[in-house]
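The values are calculated or read from the model by the stated rules, or taken from the named source; none is laboratory data. Nothing here was measured: the structure is a model prediction, and the numbers come from that model. Note that each Cβ is placed from the backbone with ideal geometry, even for glycine, and that neighbours are counted across all protein chains shown.
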Amino acid sequence: MHLSRYNLFFNISEKEGALFNTFHGTLVLMPVADYKKLNNCEFSADYVREIFKSHAQLVLNNFCCNGREDRKELRKKLLFNKKQRDRLTVTIMTTLACNMSCVYCYQQGLVERFLHMKQNVATSIKEWTINKIIIDKPKEVIFHFYGGEPLINLDILDGIMDDIICAAEGVGAHFTSYITTNGTLLNKSNISRLKKWKLDNAQISLDGPREVHDERRPYLSGEGTYDKILSNVDEALKEGIHVVVRINVDKHNIAFVEDLFKEMRDRGLNKYMALQINIEIVSPIMNPSEHCNRYTFASEDEMKALAGLWSMQVKYGFPIKSAMPIDSACENQIENSYTFSSNGDIYMCPGFIGIKDFIIGNIESNIFDEKKYNSFIDMDIWENCLDCEYGPVCQGGCKMCGYVTNKEFGKTYCRKDFISSIYPEFIKSKYNLEGKDGQRFQG
């Protein structure tokens, strides 16, 4: 028996450290001396009990294993997740149009920005979805409303969602939906409509206080969007919607993020358990725009930026709720997940919208390239990552980023140097380890 390959250990103080398992997501605090007793050696269950006494079973379950069992267990889990046909996930892009002009938008130049989904396309998606629900009888059906700005063409959903939900409930499936929106149109009226379609989650971006955000994320007219978005975030939370506020950070706005935290706290948004803040680094990988090239962090600066912002986030009363701070596995590695573009083209995930090589069919033409679909699904890039302590976290990384950086599909998007530098800081902030409130095991 030995420590799992997916364990991380980092110092909290001179005498105390944190042991975290990236596979199970478990954490304990322990004296550094006790960790050194366990590290780099094989040991018996009795030896573990001697160190951890009554807590031995918990430690054995989460942090220790025999042989290569942890590797086999991770591989089994990833294969199970991929083949989990009990869940159907559909992303529907109601429009590729947007009412904003964000300086780092990755869709610029890739899609027809004024293309709305037409009723015949929506009806075909409805019929396809209902048929799949009846045949597969999934236990869970998830709809993702995406764009462009999906709320520009919200009416297109009126004629299809009620029937899809009825079909899901007819086979006993649990139906939920979520939306990625810029937030400008997420008003009370639209929230009421979305709640009829079991809306659970809305992701909205805010990039700083008013002056900074409005410079980065204005309306097409150049007018600011900050006040409207922040008001709608408040309204959505009052309506019981889980809101994820995404803060896109680069050299341009990092110095002003604290001002955003202050204002959100002053507005009382930290009192909502349904609010989650995710800090994301703006990258030129998806769109090497002038803004991205000018303001992208160097790796070392990126690490410092994230560590400081996570700590600041907690300081202002916004606990870290996200599971991982980096690119991770997405729909491209899971069966029964489909993205329908506004013109009816079918993709594996929204990241590939506009790239012809990744079209796997068209709903209007009744075309579906099953061989191509299976070739994407069967490309288990994480097979190369099972021995890495961060394998459970990134699973080979985003396939789209891997394609863009390697100029070849099916390559890993490895950021281990970055992850290994920043992940301990993420865990410290997430569990507020500076306050030493984690679970302790004493020798």
So, residue 130, is that one within 26 Å of residue 358 (Cβ to Cβ), touching a Cys at 6+ places or on another chain (Cβ under 9 Å) and modelled with pLDDT of 90 or more or not?
yes
Boolean, residue 114 is closer than 30 Å to residue 217 by Cβ, exposed (fewer than 15 other Cβ atoms within 10 Å of the Cβ) and touching a Ser or Thr at 6+ places or on another chain (Cβ under 9 Å)
yes
For the condition surrounded by 15 or more Cβ atoms within 10 Å (Cβ to Cβ) and among the basic types (Lys, Arg), what is the one hit in 188, 238, 228, 196?
228
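Look at residue 206 and say whether it is surrounded by 18 or more Cβ atoms within 10 Å (Cβ to Cβ), touching a Phe, Trp or Tyr at 6+ places or on another chain (Cβ under 6 Å) and under 20 Å from residue 178 (Cα atoms).
Judged against the criteria, residue 206 is not a match.
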Specify which of the listed residues (246, 193, 265) is over 18 Å from residue 178 (Cα atoms), modelled with pLDDT of 95 or more and among the basic types (Lys, Arg).
265
Odd one out for residue 240, checked against (1) part of a helix (DSSP H, G or I); (2) on the phi > 0 side of the Ramachandran plot
(1)
Of the conditions (1) modelled with pLDDT of 95 or more; (2) within 27 Å of the chain's Cα centre (by Cα); (3) of a type outside the set (D, E, K, R); (4) surrounded by fewer than 16 Cβ atoms within 10 Å (Cβ to Cβ), the single one that residue 150 does not satisfy is (4)
Can you pull out the residues in the stretch 281-319 that are touching a Lys or Arg at 6+ places or on another chain (Cβ under 6 Å) and not in a loop (DSSP other than H, G, I, E, B)?
295
So is residue 414 modelled with pLDDT of 90 or more, of a type outside the set (Gly, Ala, Ser), more than 30 Å from residue 317 (Cβ to Cβ) and assigned to a loop (DSSP other than H, G, I, E, B) or not?
no
Do you know which residues across the stretch 249-276 are aliphatic (A, V, I, L, M) and surrounded by fewer than 20 Cβ atoms within 10 Å (Cβ to Cβ)?
255, 273, 274
Does residue 279 satisfy the condition of being of a type in the set (A, V, I, L, M, F, W, C), under 21 Å from residue 142 (Cβ atoms) and surrounded by 17 or more Cβ atoms within 10 Å (Cβ to Cβ)?
no
Sort through 134, 165 and tell me the only one that's of a type in the set (A, V, I, L, M) and either in contact with an Asp or Glu (Cβ under 8 Å, 6 or more places away or on another chain) or surrounded by fewer than 17 Cβ atoms within 10 Å (Cβ to Cβ) (or both).
134
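Just checking, which of 317, 344, 308, 361 is among the small types (Gly, Ala, Ser), at pLDDT 90 or above and either surrounded by fewer than 17 Cβ atoms within 10 Å (Cβ to Cβ) or within 19 Å of the chain's Cα centre (by Cα) (or both)?
317
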Of all residues in the stretch 374-401, which are surrounded by fewer than 22 Cβ atoms within 10 Å (Cβ to Cβ) and not hydrophobic (A, V, I, L, M, F, W, C)?
374, 375, 378, 380, 383, 384, 387, 389, 390
Please determine whether any residue of the stretch 214-237 is hydroxyl-bearing (Ser, Thr, Tyr), out of contact with any strand residue (DSSP E or B) (no Cβ under 7 Å at 6 or more places or on another chain) and within 19 Å of residue 105 (Cα to Cα).
yes
If residue 176 satisfies every condition in (1) among the polar types (S, T, N, Q); (2) farther than 18 Å from residue 133 by Cβ; (3) touching a residue at least 12 places away in the same chain (Cβ under 8 Å) but one, which is the exception?
(2)
So residue 251 passes all but one of these: (1) among the charged types (D, E, K, R); (2) under 22 Å from residue 187 (Cβ atoms); (3) part of a loop (DSSP other than H, G, I, E, B); (4) touching a helix residue (DSSP H, G or I) at 6+ places or on another chain (Cβ under 6 Å). Which condition number does it fail?
(2)
